[in-house]
1. Starting from 0 in steps of 10 Å, tell me what percent of the Cα-Cα pairs of the range 114-207 lands in each bin.
2. Tally Lys and Arg at +1 and Asp and Glu at -1 over the other residues with C-beta under 12 Å from the C-beta of Arg144: what net charge comes out?
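What follows is calculated from the coordinates using simple rules that are stated; it is not laboratory data. Source: prediction; values computed, not measured. Cβ placement follows ideal geometry from the backbone for every residue including glycine, while neighbour counts extend to all protein chains displayed.
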Amino acid sequence: MNRQKQRVVRWACLIVLGLGLAVDVGLYGASALENRTLRLRRDQVLENIEKTRGEIAQLDQEIARLKEDVSQAELLSGQSVLEGEGVLITLSDALLRDGEPQGGFQAYLVHDVDVLNVINALRAGGAEAIAVNGARITAQSAVRCGGPTINVQRKRLTPPFLIRAIGSTEKLRAELEADGLVDYLRALGLRIQISDQASQRIEAGKD
């Protein structure tokens, strides 16, 4: 092979080598760019995941708060059954003595105000639920006299009145005895008994 041919072959090899290097550099550059793009996408995905987790945590807190609000609303409206410790108050008319009492027989009867005084004392004592002869007392309940009976939640109730309350027995008793309420009712001649209940059940209101 003469020098001319050797020179041509050498240049051809250099050209091929150069092209190979160019291709390798191009491929490396493309691969690096692709890797960087993938890393950016990965970082964006991870950021979105963390953001979504935060939003889910906030939603869980909101759901828990709403459930608590619903439970409280059901409790106040008497739409949930409740069980627990509490007290049972039995309130009865006074015993009649010989002849008509001074002031008439009305003085011997349990009146709506007597029942309301007991209910208000139980509420002040932190009662979670109250029922009178099975009728659930709510924030909208009306207690009114109807002749010799008392109307609660459009139900006509007759004595003895069984007033159940769920809550701390100690606090409920303390509130009933505060300001001499029990002594006052007994001074009227009414019969009142208070018994602690380790566990009792108050049904939901039907309205």
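1. Whole-percent P(r) values from 0 Å outward: 15, 51, 32, 2.
2. Details: positive: Arg154, Lys155, Arg156; negative: Asp112.
Residues near Arg144 contribute +2 overall.
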